[in-house]
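See below for the structure under consideration.
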Amino acid sequence: MASFGYASTFYDDRGMPDPVALPEAYEGVLWRRTLAYFIDLCVIGVLAAVVWVVFAVLWLLSFGLLGPVLWFLFGLIPVAYHTLLLSGPRSATVGMRLFDVELRSVTGERPGFLQALIQTALFYITVGATCSLVLLLVLFNRHKRTLHDMLAGTVMVRRFPTRWATAQDRWRR
């Protein structure tokens, strides 16, 4: 079990990889994370198009009775995409994998389903409520964390190759 050695709280960052001692952990995370999200938007768009065809057929077969349920489920596609992939074995979406970043709990472990769901829901709520201005918070903290990262107790780091492994990198296990 990986651990940074303290209880998980969103305001306590003592156990996360230190940007001074281990700058590789945060090197380029900001631009990689941004580009990864654009890739994820494209993947979500393709998924939505496929699901839309299936839902259109179901809507026709039900004579429109399934319409409200199908629209609700259609809106859950981005939430399901992010939650399932972030809580998965690689703790990264398709875009994040392409740009070599992954999401970790502040304890160093991969986020569980509930933590990934909270992080995803907070992302969509905070970004929607502030027209993405909340994302500027990443420029003012040393771990490059956004508000939804802090509230969910997560941190976005580079995926570490084996050659970077040190005694401080217990979180990679």
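Which one is farthest from residue 156 (Cα to Cα) among residues in the stretch 75-95 that are in contact (Cβ under 8 Å) with a residue 40 or more places away in the chain and assigned to a loop (DSSP other than H, G, I, E, B)? I'd like the intermediate steps shown before the answer.
Just the residues of the stretch 75-95 that are in contact (Cβ under 8 Å) with a residue 40 or more places away in the chain, to begin with: 78-79, 81-82, 92-95.
Applying the additional criterion that residues be assigned to a loop (DSSP other than H, G, I, E, B) yields 92-93.
On the way: 92: 10, 93: 12 Å.
The qualifying residue farthest from residue 156 (Cα to Cα) is 93.
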Practice task
Determine the pairs where a residue that is under 20 Å from residue 123 (Cβ atoms) and touching a residue at least 60 places away in the same chain (Cβ under 8 Å), located within the stretch 21-43, has a partner that is assigned to a helix (DSSP H, G or I) and of a type outside the set (Phe, Trp, Tyr) with Cβ atoms under 7 Å apart, the partner being 6 or more residues away or on another chain.
Solution key: 30/138; 36/95; 36/96; 36/98; 39/94; 39/95; 39/98
Exercise for the section: Being closer than 18 Å to residue 27 by Cα and free of Cβ contacts under 8 Å to residues at least 40 places away in the same chain narrows it down to one of 137, 98, so name that one. Expected result: 137
Exercise for the section: For the stretch 108-119, state whether one or more residues are within 14 Å of the chain's Cα centre (by Cα) and within 13 Å of residue 147 (Cβ to Cβ). Expected result: yes
Handout entry: Residue count, the stretch 55-74 (criterion: in a helix (DSSP H, G or I) and either in contact with an Asp or Glu (Cβ under 7 Å, 6 or more places away or on another chain) or loosely packed, with under 11 Cβ neighbours inside 10 Å (or both))
Key = 5
Exercise for the section: Answer yes or no as to whether residue 110 is surrounded by fewer than 18 Cβ atoms within 10 Å (Cβ to Cβ) and in a loop (DSSP other than H, G, I, E, B). Expected result: no
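All of the numbers you see were taken from the coordinates with simple rules; none came from a lab. Everything quoted here is computed from the prediction, not taken from an experiment. Methodologically, a virtual Cβ is constructed for each residue, glycine included, from the backbone with ideal geometry; neighbour enumeration extends over all protein chains shown.
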